1. Take I426 and decide whether it is open to solvent by 10 Å² or more (accessible area, probe 1.4 Å), under 24 Å from R297 (Cα atoms), at pLDDT 95 or above and more than 12 Å from the ligand (Cβ to nearest atom).
2. Which one of these does G28 not meet: (1) on the phi < 0 side of the Ramachandran plot; (2) open to solvent by less than 60 Å² (accessible area, probe 1.4 Å)?
3. Taking the criterion of being in contact (Cβ under 8 Å) with a residue 12 or more places away in the chain and assigned to a helix (DSSP H, G or I), would at least one residue in the range 114-123 satisfy it?
4. Taking N191 as meeting all but one of (1) over 25 Å from L67 (Cβ atoms); (2) at pLDDT 95 or above; (3) open to solvent by 40 Å² or more (accessible area, probe 1.4 Å), write down the number of the exception.
5. I'd like the full set of residues that are more than 22 Å from R75 (Cα to Cα), hydroxyl-bearing (S, T, Y) and part of a loop (DSSP other than H, G, I, E, B), limited to the range 173-202.
6. Every residue in the range 281-310 that is without any contact (Cβ under 8 Å) to a residue 60 or more places away in the chain and within 16 Å of the ligand (Cβ to nearest atom), please.
7. Against the condition open to solvent by 70 Å² or more (accessible area, probe 1.4 Å) and either under 28 Å from Y473 (Cβ atoms) or part of a loop (DSSP other than H, G, I, E, B) (or both), how does D454 come out, does it pass?
8. Checking E274 against (1) surrounded by fewer than 23 Cβ atoms within 10 Å (Cβ to Cβ); (2) of a type outside the set (S, T, N, Q); (3) farther than 25 Å from A48 by Cα: exactly one of these is not met. Which one?
Amino acid sequence: MKPSIVWFRDDLRTTDNPALRAAADDGGAVALYVLDEESPGIRPLGGASRWWLHHSLLTLREDLAALAVPLVLRRGPAAEIVRETATAMGSGSLYWNRRYGEAERMLDAGIKAWARGSGMHAESFQASLLHEPWAVTTKQGGPFKVFTPFWRTVSGLDFREPLEAPEPGRGYSGRLPQSEELDTWGLLPRNPDWSAGLSEVWEPGSAQAHELLDTFVEHGLVDYPVNRDRPDLPGSSRLSPFLRWGQLSPFEVWHAQQRRRRELGEGAAVFASELGWREFCWHQYFHHPDLATANLRPGFDHYPWAWPGSQGAGSHDSASSAGAREAESQEAESQEAATLLRAWQEGRTGFPLVDAGQRQLWHTGWMHNRVRMVSASLLVKNLGIHWQVGEQWFWDTLVDADPASNPANWQWVAGSGADASPFFRIFNPETQAAKFDPHGSYVGQWIPELGTPDYPEPVVDLKASRREALDAYGSLPR
Ligand code: FAD
């Protein structure tokens, strides 16, 4: 019997996994995971994501072993590794669930063409999104730019029921290609190991994902519309890293809330529309592969955002004294931005809600959505630092760092994105704290020195910096 390969990517689960089901149905399924940090256009994972991936692969290996499916781990350029593995095993079929980034799609298309050309059966499936981004268009036939009509269209589609995990098979009895040792991949932080806080909060894997989903649907969904904005309460689902890594499929989450829809009405609908935002972010990313590096609204290319340190600082090679003076002032500006950025990253801005959020992020790899918005707004609008700098920090520190949701939300906060928050909506971290952390328990939990002389004074004047931001926005070309 020729083995079938199921190539795992951002779908580290055995339930609702159509690619795994197809390979298991063929018999002799072998799972492959490739850590690809080399192929052109693939964004290297951040530190928190690497930690999550390490632990997820351990649990995936166990989940697959229960189905008699071995997991082969390889590192290198995916096209090469998949070809090499399939050829070495003489496999008859190759399956995967689709991914939607441009570089990934190109790579997958190349492998599919090669496999089919070599006489193999190669097939991909929809599993990570409720909609295929190319299949849903506006009346004019283009991509959606506004959330409400997008979600009206997508939520009206018929979403298939999730699939069960395959039954344990007889297993592949042939020779397996050499699998690499996970420990040699260096995914875990060392010197220093900053991951203790992450381990306290998360158990990456499908088991914790399903447990969280069940508990949330049973107890959290009913009050979700009110509690989701409260960082001091366990009001939201905390499913984001599991959705990011595919330990839970959006179909599983959709149908879980749907089962309580009639009973809970609004609670379930509001939650479902957050899944809609995830879909909308991927819709944008599919149509704008440069979402993390280019303003969706090009007018924002002229906004005078600062780049900390040497990033983006002006040219230093001018011989004229005017040029030298300009270079000096740019240098000073970027140094000041670097100091402000550090205070923001370390949770020392003097704005308790922002500082609590940044510390929660550093400690646990996750931050509450309301606080993400307030913190991002402070960085981009009051501290005047480019949204891409904040996006990169979140990319490195979030366990749910997502190639679509992260840049799309940063652009939403900055005002440069699709259906973005209007630029003049500049969150005031003090009034936001009073409203959404009314008893101060969230800030108290993360800032033990709050109210003592050890806690810093605000690094920026909210009123003056707001005015400056609005003036800069006002002078953008229309
Ligand atoms: P819930 O409120 O329970 O929502 C359920 C699910 O819906 C989430 O798990 C998530 O998958 C999805 N979702 C909810 N809100 C959004 C949203 N605004 N955009 C996209 N999907 C959403 N989310 C990520 O998954 N990865 C990121 O890298 C990311 N970066 C962000 C950066 C900024 C600046 C901001 C403002 C938001 C970002 N978000 C990101 C969105 C949101 O903050 C998180 O999805 C949410 O906090 C996760 O918590 P939860 O699972 O409890 O969400």
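The values are calculated or read from the model by the stated rules, or taken from the named source; none is laboratory data. Everything quoted here is computed from the prediction, not taken from an experiment. Cβ sites come from the backbone with ideal geometry, for glycine too, and all protein chains shown count toward neighbours. The area values use the complete protein model at the heavy-atom level, side chains included, leaving out ligands, DNA and RNA. Shrake-Rupley method; radii C 1.70, N 1.55, O 1.52, S 1.80 Å.
1. Here the answer is yes, as I426 does meet what is asked.
2. (1)
3. Looking for residues that are in contact (Cβ under 8 Å) with a residue 12 or more places away in the chain and assigned to a helix (DSSP H, G or I), one finds at least one in the range 114-123, hence yes.
4. Of the numbered conditions (1) over 25 Å from L67 (Cβ atoms); (2) at pLDDT 95 or above; (3) open to solvent by 40 Å² or more (accessible area, probe 1.4 Å), the odd one out for N191 is (2).
5. S173, S195 - these are the residues of the range 173-202 that are more than 22 Å from R75 (Cα to Cα), hydroxyl-bearing (S, T, Y) and part of a loop (DSSP other than H, G, I, E, B).
6. Here is the first cut: in the range 281-310, the ones without any contact (Cβ under 8 Å) to a residue 60 or more places away in the chain are 288, 290, 294, 298, 301, 309-310.
Residue satisfying the conditions is H288 alone.
7. The answer is yes for D454.
8. Of (1) surrounded by fewer than 23 Cβ atoms within 10 Å (Cβ to Cβ); (2) of a type outside the set (S, T, N, Q); (3) farther than 25 Å from A48 by Cα, only one is false for E274: (3).
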